[in-house]
Each structure stands twice: as structure tokens, then as C-alpha cells.
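Notes for the one structure printed next.
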């Protein structure tokens, strides 16, 4: 009988593609939802890419509650812990997302260890390795960002502190359960649903003509399909336990992204802005665009990193960023998602 993999946050952008990839590889998948009322929509989204049949089921479990996690882990061989709060914090409070992200992660890990799960792969963020602005260091997966660094917003602070807490817990109490983390950049690509899109909202906004001028913001882009493959590779590979892996592909400046989209998308890209936003105007625009507001410290800066480890150890081969952005844009248009 096929092994069962638990995927947290079953309605999410990344989780949905992880479910698709796992089903395609023959696994049974159990996905967590905060409410089973979302089960029909979650299943329908997966069915746009593959036919899960009886190999996909859903359970109710919330990162904010202990309830349901022991039941969710029953009979599970592997866990992909993808879920993490993207919003809902208190404006101006950089610590407001830490408790749900960190405590939710520890709930998942405690239940996984208790159930004797073989391996947990957790989705973190490339920003968890970002060094202080102005340094010339090339970051790698051995490095850690400082959560007290003012460049980080509430979401990135929560990712740093949740991953640190996860490694501390697994070193102290992980027993025989193995652990690895994936550190993605900006995640784009085709959407399965109109909700839970995360960074894809940046592309949706551009297609809708917002912002009217594009900031000099650079992004390490990763296709959600490649990222899902990387999660599965980290779950299966003998080289993954105890390791962190960047999940990034090409670096692109946002104004270059916009120009390419405008040129290549025809009528779909007719509203994409191509004028560049001067750096001194960014602070005025950021409060009105939540999708880029948290990235304003990186305006005009390239976060240098060495992403070769995932390719060497896990065979990670990300597709070209242009393909990712075009596929993302077309899927948003097909799903009628607006910015």
C-alpha cells in the first residue's frame, strides 16, 4: 500500500501543488484544513491537475489549536508542513505573526514526533538567511537572519523565528523523526484557485495596472511547480535530513518582469505598467500596496545568495523565470483573478 503524506494548509498555493505532485508520484495524501467546509473547493482545485480518487482526503486541524493534530498524524509516513500565516497581524507590530507561525509549527512537530513520522519537511523562506543591508556577503543555507533587524516585516520575522524554533525543537526532542527545511524566494506560477495566492498577488496587481510605476525591486523567483517538486525531493532523498535548501531560480528586477510581461502577454498584459518608480517615491507608495510594502528595504538591492546546494544534492532544476511569469499571468486571467 502507498505511504501517506500529510500536507498542512491544504487550500494554500504551495500546498495545493505539493498535493498534486505527491498524487502523481503515487502517494496517498491527507491535507489539513481549518474547516472541512472548504473540502469541496480544495478537492476541486486539485482535480484541475490530476484525478486523486480515494488517495486524497482532508482532516480538520488548525495551527492555532492542539485539537486534531494527533488524529491527523495517524498512519502518516511523511509530513510537508507548508502552512503559515500570511496576514492577520497587527499593523506596525513586527511580532504579531510570530505566535501563530512558531506555535503552529511546534504543534505539527510535536504531533509528528509522537506519531513516529519518518520525516518532516517544512516550508520556510529565503529571507531567513538574509544578512544586514549594506553587507557584501553572499548568503548560504548555513546563515541566519537576525529577527531584530528592522528590515524585516511581521511575515518575515515570523518565518525566521518559526524556523529557528523548529530546529531547536527537533534537535532536542525529534527522536527518530528526520527534519529538513525549504527556503523559497518569490513564488509564482499557475494558480489552482483564486484564494491563498501569497506573492502571486504581485503579478495580479501588475496585470491590473498597479502600481502605476514599478519600483526597482529584485526578486529571486521560483515556480510553484518546481518548488513542490523540491519538497518531494527533500522528503525522499537520503541527502536531505538535517539540511536547509534554498528553493530559488532566476533573479529578476520587477521593472524587467513588467516589461517582459507587457511585451509577451498581448492583450492580457495591456495594463502592465512599465514606467520605473524612483526610489524616493517608494515610501509614499508602499502604504497603499501591501504586496510590496514589506519589501521596501530591498529597493535597489540584490540579496546575493548561493543556491547551488539544492541542485547538487536534490537534483533541483528550476525552469526559466519568464516561463513561470507567463504561465502565472495566463492562469490568473483564466481564473479571473484581479489585483
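The values are calculated or read from the model by the stated rules, or taken from the named source; none is laboratory data. No experiment lies behind these values; they were computed from the predicted model shown. Methodologically, a virtual Cβ is constructed for each residue, glycine included, from the backbone with ideal geometry; neighbour enumeration extends over all protein chains shown.
Observations
- Helices (runs of 4 or more DSSP H) wholly inside the range 281-337 containing at least 1 residues that are modelled with pLDDT of 80 or more: 308-314, 321-334
- Boolean, residue 96 is modelled with pLDDT under 95, closer than 30 Å to residue 148 by Cβ and out of contact with any helix residue (DSSP H, G or I) (no Cβ under 7 Å at 6 or more places or on another chain): no
- The range 257-271, residues that are out of contact with any strand residue (DSSP E or B) (no Cβ under 9 Å at 6 or more places or on another chain) and surrounded by fewer than 20 Cβ atoms within 10 Å (Cβ to Cβ): 262, 263, 264, 265, 266, 267, 268, 270, 271
- The numbered conditions (1) at pLDDT below 95; (2) touching a strand residue (DSSP E or B) at 6+ places or on another chain (Cβ under 7 Å); (3) closer than 28 Å to residue 119 by Cβ are all true for residue 224 except (1).
- Taken over the range 29-41, the criterion of being within 17 Å of residue 82 (Cβ to Cβ) and either without any contact (Cβ under 8 Å) to a residue 40 or more places away in the chain or out of contact with any helix residue (DSSP H, G or I) (no Cβ under 9 Å at 6 or more places or on another chain) (or both) is satisfied by 29, 31, 33, 34, 38.
- Residue 14 being at pLDDT 95 or above and within 13 Å of residue 108 (Cβ to Cβ): no
For every residue, the table says whether it meets (1) in contact (Cβ under 8 Å) with a residue 24 or more places away in the chain; (2) closer than 22 Å to residue 309 by Cα; (3) buried (at least 24 other Cβ atoms within 10 Å of the Cβ).
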| residue | (1), (2), (3) |
| --- | --- |
| 143 | no, yes, no |
| 146 | no, no, no |
| 177 | yes, no, no |
| 189 | yes, no, yes |
| 203 | yes, no, yes |
| 213 | yes, no, no |
| 218 | yes, yes, no |
| 231 | yes, yes, yes |
| 234 | yes, yes, yes |
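- Filtered residues of the range 151-167 (kept if without any contact (Cβ under 8 Å) to a residue 40 or more places away in the chain and more than 19 Å from residue 187 (Cβ to Cβ)): 164, 167
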